[in-house]
Structures are given as C-alpha cells and as structure tokens.
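Remarks on the structure that follows.
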Amino acid sequence: MRTFMYFMADVSKLANDDYVGFTFFVGSMAMLAASAFFFLSLSQFDKKWRTSVLVSGLITFIAAVHYFYMRDYWDAFGESPTFFRYVDWVLTVPLMCVEFFLILRVAGAKASLMWKLIFWSVVMLVTGYFGEAVQPDFSWQWGLASGIAYFVIVYIVWFGEAKKLAVSAGGEVLKAHNILCWFVLVGWAIYPLGYILGTPGGLFGFDFGVDASFMDVVYNIGDAVNKIGFGLVIFALATKSSE
Ligand SMILES: *C/C=C(C)/C=C/C=C(C)/C=C/C1=C(C)CCCC1(C)C
C-alpha cells in the first residue's frame, strides 16, 4: 500500500522541456499498459504458450516498477538513475534470453542454451555498468568488453545453436525467431549509442555536442521498442500457434 501511495501521490512539476522526465513518464505508462495486456491475454493461449506470454508480461512489469523509481529519481536529483537502470536490465535482459529458449523448446532446445545466453547478457551488462558508474575513465575499454559479449549473443541467435534449432522448428517459430534476431541486432544496438552519448567528453574524444542526459532518452526509447516489441512478437506467435 505504501508503495502504491508512493507511485500515485508523489507528484511534482515536470518542465515542458524536460524530455528525459517526459520519456520516463511515458515509459512507465507504456510498460504498465503492456503488462496488463500480456497478463490479461494469458487464458486465450494453449497451455504450452502461456509461459512465454507470462514472461513477456514479467519483462514489461519489472520494467514498469523500475520506471516509476527512475522517473522519481530523475525528478528528485536531475541525474541519470544508473543503478536502477542496470538492476532493471540485469533482470529483464536475461528474461529475454529465456524467451528464446522457451520458443525453441519445440525443437528440443536445452537449458544449457538458455544459460549461455544469460551468462553473456550478464557479462554485457556488468561490464557496461563498470564503464558507466564504477570506472568512467575506462569507458571505452569496458564498453568494448560489453560489445564483445553483445556480439556473442548476436552470433548465437543469428548463426549459432539457437539459429539451428529455429530452422529445425520451422514455420511460425522460425518466423518469430528471425524477428527477435532483428530486435537483438538493431533494437539492442540503440543502447551502445546511448552509452556513447552519456560518456563524458564523448567516446574516443569524439563529442556529439548533445547533453549527456540525452543518454536516458535513448535508453528509454530502446526499452520501449525492445521490451514491448519482443513481447508482441511472442504474443503473435502464441496467438497463431493456439489457433
Ligand atoms: C530491456 C533492456 C534491454 C534490451 C537492454 C539491453 C542493453 C544492451 C544491449 C546494452 C549494451 C551495451 C553495449 C553493447 C556496450 C556499451 C554498454 C551497454 C551496456 C550499453
């Protein structure tokens, strides 16, 4: 109840030109609406698809709760809520890896595939956190390490074990897998861009000339596209496969 009151009652003025605050606010509503949508749709699917849609809802719901905190943090301190951001990611990105595993189970995906993807996603995020919050002077080195882990994930889903399973599953599962692959390649590539914008003085000394707080606008757009988009792909697959 206290948390509820906290969400609802802590209102303060949002300046017209506070784009960061605006995207945090819209982000929190979008994530909440998407969660309601996924949770309420659960009963329309065959049992074996429910877990996948449930996980879609968990991803957007965990994000919604973090967005409420991030929105207020930004509001109170005018600073990037880096800690909440990464706690959110370290919970939701592994769940996105679980989604790959869940849809590929029809082709015999093993839990080891899931753990591999989870492992690399955690490496990607922990190194990113070090570059942003712990050792910003070594921003590009940590960013590079994070980028390598990112490309391992890209490789596994586009060409590796996950791809092979998707091909052997064929049909709607293969189609959905391919769309998720594009999310990972293009949608996830939004994040390194935000990281570069947020690096003081720019990366490799190259300054984009925008305020570092723009990083959060980029991250917020990335989250909406990826978390809700991912969920909708799973939703469409579950709908088609339950007919
Ligand atoms: C819902 C949240 C998602 C899908 C977050 C994804 C985050 C990334 C793909 C972050 C990647 C990064 C790099 C590849 C290098 C620079 C550091 C990061 C952590 C921003």
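Any chance you could run the full-extension gain for LEU40 through VAL122? It's 0.36 nm times the residue separation minus the Cα-Cα distance, nm to one decimal.
Details: separation 82, 0.36 × 82 = 29.52 nm, distance 3.01 nm.
Length gained, LEU40 through VAL122: 26.5 nm.
Just read off the accessible area of THR51 with the full protein assembly in place, 1.4 Å probe, to the nearest 10 Å².
Approximately 60 Å² of THR51 is accessible to the 1.4 Å probe.
Report the far tail of the P(r) of the range 71-128, meaning the percent of Cα-Cα pairs longer than 19 Å. Walk me through the numbers before you get to the answer.
Details: 707 of 1653 pairs.
Within the range 71-128, distances greater than 19 Å cover 43 percent of Cα pairs.
Calculate, in nm to one decimal, what LEU91 and PHE159 gain on full extension: separation in residues at 0.36 nm each, minus their alpha carbon distance.
Details: separation 68, 0.36 × 68 = 24.48 nm, distance 2.52 nm.
Length gained, LEU91 through PHE159: 22.0 nm.
Explain nothing, just the number: dipole magnitude of the chain about its Cα centre with +1 on each Lys and Arg Cβ and -1 on each Asp and Glu Cβ, in debye rounded to the nearest 20. Mind showing how you got there, number by number?
On the way: 15 positive and 18 negative charges, 258 e Å.
Dipole of the chain, to the nearest 20 debye: 1240 debye.
Calculate how steeply helix 111-129 sits against the longest principal axis of the alpha-carbon atoms of the chain, using the helix alpha-carbon long axis, and give the answer as 0 to 90 degrees to the nearest 10.
10 degrees
Considering the Cα trace of the chain, what is its radius of gyration and what is Dmax, both in angstroms?
Expressed in Å, the Cα Rg and Dmax of the chain come to 18.5, 55.
On average, how much accessible surface per residue is there in the chain, in Å², for a 1.4 Å probe, leaving out ligands, DNA and RNA? Don't skip to the end; give the middle numbers.
Numbers: 12030 Å² over 243 residues.
Solvent-accessible surface per residue comes out at 49 Å².
The values are calculated or read from the model by the stated rules, or taken from the named source; none is laboratory data. All values derive from a computational prediction rather than experimental measurement. Because the Cβ atoms are built from the backbone with ideal geometry, glycine has one as well, and the counts that use them run over all protein chains shown. These area figures cover heavy atoms from the full protein model, side chains too; ligands, DNA and RNA do not enter into them. Shrake-Rupley method; radii C 1.70, N 1.55, O 1.52, S 1.80 Å.
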